[in-house]
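Beneath this line is the structure, given in structure tokens, with notes to follow.
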Amino acid sequence: MTLARIQDLPRLVGETVTLQGWLYNRTSKGKLVFLQVRDGTGICQCVVFRPNVGDELFAIADKLTLESSLIITGTVRADARAPGVPGGYELDVQTLQVVHRAEEYPIGPKEHGVEFLMDHRHLWIRSSRQWAVLRVRATVMRAIRAWLDAHGFLEVTTPILTPSAAEGTTTLFEVDYFGEKAYLAQTGQLYNEATIFSFGRVYCFGPTFRAEKSKTRRHLTEFWMVEPEIAFCDLDQLLEIEEQFVTHLVHTALRENANELKLLGRDTRKLERVQPPFPRITYDEALERLKDVQARLQRGETVLNCDGEPLQDIPDPALLDITWGMDFGSPHETVLTQLFDRPVFVTGFPTAVKAFYMQPYPDRPEICKSADLLAPEGYGEIIGGSERISDAALLEQRIREQGLPLEAYRWYIDLRRYGSVPHSGFGLGVERTVAWICGIDHVREASPFPRLLNRIYP
RNA sequence: UCCUCGAUAGCUCAAUGGGUAGAGCACCCGGCUGUUAACCGGGGGGUUACAGGUUCGAGUCCUGUUCGAGGAGCCA
């Protein structure tokens, strides 16, 4: 008899093993009880047959409550009828010990509303879909570090308590810092721009905070972001790094989380075609495409996506109104991403709508060397990146133009005085990336305990 | 901040023009050797979000409040 985990059962057929886990579901049929047991690595059907275990143990198994904790011993056998994760294997139960008999469990196998599930998030994460999503999240986070570490990046942590904003002060959480105002970080980028001069290629990876009053499927007030920053790197070089990086994340999840993506019902063919190079379109080109789509929609034409299907989630073509100089809204991203079969870069946004530190094109200063990466299928922006201004005088001018407090950025301007170099970086949002890979419709399920507008419990 | 929709059993929902508040799931009891959200029979379970109004009579109509969902703006 050996202790086993459910994910290893395919290699243990014929052996007698002990599982430790919780009762996920139960059905009984006369002298048979089917216990769906989960142990964190998978879900295994355990078959309790009355003549095998005796009347006393059978009665206990037959009355077990959902989520009761169990230690259960039996023989592993392959059976195509056995549901579960990975499925196809079940345990022929010999003995069973109840560690704790659970009280009546509030979350059933039937449907529940969002508010109820969010109030019970501490229990909801036991459900198979949530389990699958959070396993993919862990894979993505591991793949982020693995790829960056393998490509010469050094992880350098940046502060969460910060004295000022990178991009204005309207979306920051304010905290009291011994009588002074401080803010929870919404980016580590400015500090990354300092550490590249020490290490060349760096990244920071951790939670960031935005006090935006956004109530959409794409927003959390606390989310995880990885921000690589690279010295001696222009925008074109940055995009090559980004597409290699994102491709690695997607294909690592495809390889390591096949069971999870299957459980989620994800169409993995759409993920498999994520391969470099990603298409690159300029802001100007994107504007033309958007106007074209809007005109066709308003004429009542059906506009097709990259797979030849009608565009989804376009409630009102009037929302696609845009003129040169405006930043994209969510409806614009929703349209653009459906026109491509892989993530698409949009480059050269108007300088006026982007952050002060982005490098303007020398021959066209009204646009800047910025690039957003939009995920397919309407998931929208998962990366924002740019080449940074490397000239101290130009940076100072841009800070003044934006009306930002020059004094707060003195150290940041200082970086351009001592061996300044062209450098670039980007930020990738973990929850949005996970939501896209998993094919789920709201980022709140991509975080174990999501923080949202009006929600900080549990 | 704005727009739209919603709140009825533990959960998901129904309740015809205003006329005795109902079903499925969950739970408890009984039945069945292959269930896949099993099925069959029985049982308990309600201050219809809150406050006020109209009415012989309000889950239903009106006013206000609270809470929630989706979206816009902003963003990853």
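Odds and ends about this structure:
- Estimated FRET transfer efficiency when R0 is 22 angstrom, pair A:ARG255-A:ASP234 (beta carbons, to 0.05): 0.10
- Debye intensity ratio in log₁₀ form over the Cα atoms of the range A:305-458, taken at each q of 0.09 Å⁻¹: -0.40
- Computed E for A:GLN7/A:ARG289 - FRET, C-beta separation, R0 41 angstrom, nearest 0.05: 0.35
- Rounded Å value of the spacing that divides the Cα centres of the range A:301-357 and the range A:230-299: 14 Å
- Separation in nanometres of the label points that stand 7 Å from Cα toward Cβ, at A:ASN454 and A:ARG417: 5.0 nm
- Based on C-alpha pairs under 8 angstrom that are at least 6 apart in sequence, the range A:86-221 has a relative contact order of 19 percent.
- Cα gyration tensor shape for the range A:101-146, rounded if a/c is under 1.5, else prolate or oblate: prolate
- Cβ crowding within 10 Å averaged over residues, with A:128-141, A:220-233 ranked highest first: A:220-233, A:128-141
- Footprinting exposure proxy ranking of A:HIS332, A:HIS122, fewest other C-beta atoms within 10 angstrom first, gives A:HIS122, A:HIS332.
- Separation of the range A:1-71 and the range A:395-447, taken as the distance between their Cα centroids, equals 50 angstrom.
- Of the peptides A:334-346, A:86-98, the ranking by mean beta-carbon count within 10 Å, highest at the top, reads A:334-346, A:86-98.
- For chain A, a simple Cβ point-charge model (Lys and Arg +1, Asp and Glu -1, everything else neutral) yields a dipole of about 1280 debye relative to the Cα centre.
- Rg followed by Dmax, in Å, when chain A is reduced to its Cα trace: 26.1, 85
- When the Cα gyration tensor is reduced to axis lengths a ≥ b ≥ c, the ratio a/c is 1.5 or higher for the range A:226-367, and with a/b not above b/c it is classed as oblate.
- The label-point distance for A:THR282 and A:ASP321, in a model that sets each label 7 Å from Cα toward Cβ, rounds to 2.7 nm.
- Lysine pair count for chain A with Cα-Cα distance under 14 Å and sequence separation of 8 or more or different chains is 4.
- With R₀ fixed at 51 Å, the C-beta to C-beta distance from A:VAL353 to A:ALA78 puts the FRET efficiency at about 0.30.
- Pair A:LYS181, A:LEU161: separation of 7 Å Cα→Cβ label points (nm): 1.8 nm
- Global geometry of the range A:395-458, whether rounded, prolate or oblate, following the gyration tensor of its Cα atoms and the 1.5 cut on a/c: prolate
- With Cα atoms defining each centre, the range A:81-98 and the range A:100-143 are spaced 21 Å apart in the structure.
- Additional length obtainable on full extension of the chain from A:HIS100 to A:LYS63, 0.36 nm per residue less Cα span: 12.0 nm
Where a number appears in this text, it was derived from the coordinates with a stated rule and is not lab data. Every value quoted in this text rests on a predicted model; they were computed, and no experiment measured them. Using ideal geometry, Cβ is built from the backbone for each residue, glycine included, and neighbour counts are taken over all protein chains shown.
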